[in-house]
Amino acid sequence: MTDLSQLIPEIQRLLPESQRKLSDYVAFLHWQESLATQVPAVMWSYSFIEMFNQATIATSQEAKGMHIQMDLAQVGGETRPALWAHPPVVGQAVLEYQVAIPKTLQQVSLRVAVGIRDGSRIVPSNLVAFSVRVNGMRVWGKQTNSLHWQEVEIPLNLPVGDVSRFEFATEALGSHQWTWAVWGEPELVGWVGEE
């Protein structure tokens, strides 16, 4: 029975409780159909570790004492792939990336951990400033000398369908000695759908 003119009288003859159940079932069918029409989203990621060879290395002043590389880093006894960013004697060590942002990217965030590598003899009063800039604007920062990984997830609002500039900067806020700063497993993550 698919003819509505025959179906409506049959529905009207049902008891009120059965009509409520039928109404719930119709709502369920509408929900199910809406899921079928939604475009499935796919997880997207951009690993700054994997793309290290495309990074530009710079300093805000002079490079004396600066050391930047990509390697495993042990912080608090835990080893992770990392960007080593020992700041120069004066100024910031900066790793810059140009990242193509997909047109349909949504719910994007930057996941990263920061810390000072094991073996450092950094004194408690000496801090390192970690900061992240996107398209020239500072979106996150922390001053620390932690000898344990400090994880952070930074929600971002990026211009989709364009290229965004990401800068990871470190700076010694006291003596630059033993400021063995590292960025652990920095990665952009988000969801993309069909255009």
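Laboratory data are not the source of any read-out in this text; all were calculated from the coordinates shown. Just so you know, these numbers come straight off a predicted model, no measurement behind them. No Cβ is skipped: glycine too gets one built from the backbone with ideal geometry, and neighbour counts run over all protein chains shown.
Distance from the C-alpha centroid of the range 82-136 to that of the range 176-195: 7 Å, rounded to the whole angstrom.
Taking the square roots of five times each eigenvalue of the Cα gyration tensor of the range 1-134, the equivalent ellipsoid has semi-axes of 62, 18, 12 Å, listed largest first. Listed by chain and number, the lysines whose C-alpha is less than 26 Å from the C-alpha of LYS64, apart from same-chain residues fewer than 8 away, are LYS142.
Rounded to the nearest Hz, the phi-derived 3J(HN,Hα) couplings of the range 91-108 under the Karplus curve 6.51 cos²θ - 1.76 cosθ + 1.60 (θ = phi - 60°) are x, 9, 8, 10, 10, 10, 10, 9, 10, 6, 9, x, 4, 9, 6, 9, 6, 8, where x marks glycine and proline. Rg and Dmax of the range 75-195, based on Cα coordinates, read 15.4, 52 Å. Using a cut-off of 13 Å between beta-carbons, work out the net charge of the residues near PHE48 (Lys and Arg +1, Asp and Glu -1, PHE48 not included). Counting the neighbours of PHE48, the net charge comes to -2.
Where does each of 47-55, 66-74 land if you order them by average Cβ count within 10 Å, highest first?
Details: 47-55: 14.8, 66-74: 16.9.
Averaged packing, sorted descending, gives the order 66-74, 47-55.
Taking R0 as 41 Å, what FRET efficiency do you get between GLN143 and GLU17 from their Cβ-Cβ distance, rounded to the nearest 0.05? Don't skip to the end; give the middle numbers.
Numbers: r = 65 Å, r/R0 = 1.58.
Result of the calculation: an efficiency of 0.05.
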